[in-house]
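In what follows, a single structure is set out as structure tokens and then discussed.
The values are calculated or read from the model by the stated rules, or taken from the named source; none is laboratory data. Predicted, not measured: the structure shown is a model, and the values here were computed from it. A quick note on method: Cβ atoms are made from the backbone with ideal geometry, for glycine too, and the neighbour counts reach across all protein chains shown. Just so you know, the surface numbers come from the protein's heavy atoms only, side chains and all, with ligands and any DNA or RNA stripped out. Shrake-Rupley method; radii C 1.70, N 1.55, O 1.52, S 1.80 Å.
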Amino acid sequence: MHITVCLTDLKPDAWVLGLQQEFPDAEISVWQPGTPPADHAVVWAPPQQMLDEQSGLRGLFNIGAGVDALLKLKMPPHTRIVRVEDAGMAVQMAEYVCHALIRHFREFDAYEVDARQGRWGYRAPRLRSQFSVGIMGLGVLGERVARAVAQFDFPVNGWSRSPKDIAGIRSFAGHENLDPFLAASRVLVCLLPVTPDTRGILRRETLTKLNGGAPGGYVINVARGAHLVEADLIPLLDAGQLDGATLDVFETEPLPPDHPFWRHPKITVTPHASARTLREESIAQIVSKIRSVEGGAGFDGMAGAVDIERGY
Ligand code: NDP
Ligand code: OXD
């Protein structure tokens, strides 16, 4: 068996070593133009040239949860894409979203300013019943985030394509229920995949429906920059319609130094760091899937197997 590793902008050595330890008899290569045909590839944002040259790949194992970069490419006809599911990312996402939410709800930024000035001052407690949280995408990551937020007694709504039955979470499903979901939610968390249906879903028209149309909404985007129409955000913040935003992902990454999001007082920026791929967990998951394929199981029904038509 030959597995080739192609991790654009990431160092491949530890991945190659980890795979080689699990498959001592296999050839594990770092892909470069002209690499001989492989059976499987472990990838992150590979170039089209790699797929063109490796047209006999059976499995393309993406080391991230999102496959939008792969789906922009022309795939070899018989190659199946499998993404990493969770592998330690869900708990990170839950930490990140709970941190952003609670920091906003409890006004910790304002306390921080007070503390720097030696000021001892209380703020009126806010009612968590008035801070309903809407999670867009109740998949592997969204469900974990929804459960974590619910632990803090915030009302939680979830929006997905198919209805869900998750204790303590109010489920809204399908495009026809997007408006009621937005109206019932004050803090909006995006954990959708980017697909033709979800690109640009965070835009003026939708964001002004938060919180029943009243001011005070808050946006946490941890999915992809393409979900947010960036030009719509600052006017809504400056007009007081939205109270703030925490953004981990951007249309252009790294976020350009002169981008207004860096310096806007109501926007918190992190560098696509909300849930990092954990190498050991991810290698263990990919290895077990490759073993199952090599053992004769197909890709159908495999956790993380991507449905190209659906787009995630
Ligand atoms: P999943 O595929 O497990 O979940 C996707 C969810 O989105 C599902 O609940 C799905 O509905 C829902 N969904 C998809 N399309 C629509 C639609 N048109 N309308 C309503 N709901 C829709 O993905 P993950 O939870 O694993 O990951 C989500 C995304 O998070 C990734 O695609 C990636 O972009 C991003 N991500 C970001 C990271 C970061 O560091 N910032 C790290 C990891 C991931 P249904 O359940 O009905 O299918
Ligand atoms: C992912 C990511 O999709 O890190 O896993 O963004």
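Considering the range 60-78, and only residues there that are within 19 Å of the chain's Cα centre (by Cα) and either assigned to a strand (DSSP E or B) or more than 16 Å from ligand 2 (Cβ to nearest atom) (or both), the residue that is farthest from SER29 (Cα to Cα) turns out to be ASN62. Restricting the range 83-114 to residues that are of a type in the set (Val, Ile, Thr) and farther than 30 Å from VAL42 by Cβ leaves a set whose member that is surrounded by the most Cβ atoms within 10 Å (Cβ to Cβ) is ILE102.
Checked against the criterion of being over 23 Å from GLN92 (Cα atoms) and away from ligand 2 (no atom under 16 Å from the Cβ), the range 140-159 has no qualifying residue. Exactly one residue among ASP25, ASP13 is touching a strand residue (DSSP E or B) at 6+ places or on another chain (Cβ under 9 Å), of a type in the set (Asp, Glu) and more than 16 Å from ligand 1 (Cβ to nearest atom), and that residue is ASP13. ASP300 fulfils the conditions (1) surrounded by fewer than 19 Cβ atoms within 10 Å (Cβ to Cβ); (2) modelled with pLDDT of 95 or more except for a single criterion, (2). As a summary of the residue check, LEU237 satisfies the conditions (1) open to solvent by less than 80 Å² (accessible area, probe 1.4 Å); (2) within 16 Å of ligand 1 (Cβ to nearest atom) except for the one numbered (2). A residue that is outside any helix (DSSP H, G or I), over 12 Å from VAL222 (Cβ atoms), modelled with pLDDT of 95 or more and within 25 Å of the chain's Cα centre (by Cα) occurs somewhere in the range 88-95. Within the range 184-205, the residues that satisfy the criterion of being in contact with a Gly (Cβ under 8 Å, 6 or more places away or on another chain) and open to solvent by less than 50 Å² (accessible area, probe 1.4 Å) are ALA184, SER185, ARG186, VAL187, LEU188, VAL189, CYS190, LEU191, LEU192, PRO193, VAL194, THR195.
Yes/no matrix, rows are residues, columns are (1) in contact (Cβ under 8 Å) with a residue 12 or more places away in the chain; (2) outside any loop (DSSP other than H, G, I, E, B):
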{"site": "PRO235", "(1), (2)": "yes, yes"}
{"site": "THR252", "(1), (2)": "yes, no"}
{"site": "PRO257", "(1), (2)": "no, no"}
{"site": "THR268", "(1), (2)": "yes, yes"}
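Among the criteria (1) surrounded by fewer than 17 Cβ atoms within 10 Å (Cβ to Cβ); (2) within 15 Å of ligand 1 (Cβ to nearest atom); (3) closer than 30 Å to ARG58 by Cα, the one ALA273 does not fulfil is (3). Which one is nearest to the chain's Cα centre (by Cα), of the residues in the range 25-59 that are over 19 Å from MET75 (Cβ atoms) and not in a loop (DSSP other than H, G, I, E, B)? Among those residues, the one meeting the criterion is VAL30.
Just one residue in the set ASP179, ASP197 is in a loop (DSSP other than H, G, I, E, B) and either touching a residue at least 24 places away in the same chain (Cβ under 8 Å) or within 11 Å of ligand 1 (Cβ to nearest atom) (or both); that residue is ASP197. Here the range 55-71 is the region considered, the condition is being open to solvent by less than 10 Å² (accessible area, probe 1.4 Å) and either of a type in the set (Phe, Trp, Tyr) or closer than 21 Å to SER292 by Cα (or both), and the residue that is farthest from ligand 1 (Cβ to nearest atom) is LEU57. Taking GLU143 as the residue in question, decide whether it is farther than 30 Å from PRO256 by Cα, surrounded by 16 or more Cβ atoms within 10 Å (Cβ to Cβ) and of a type in the set (Asp, Glu). Criteria met by GLU143.
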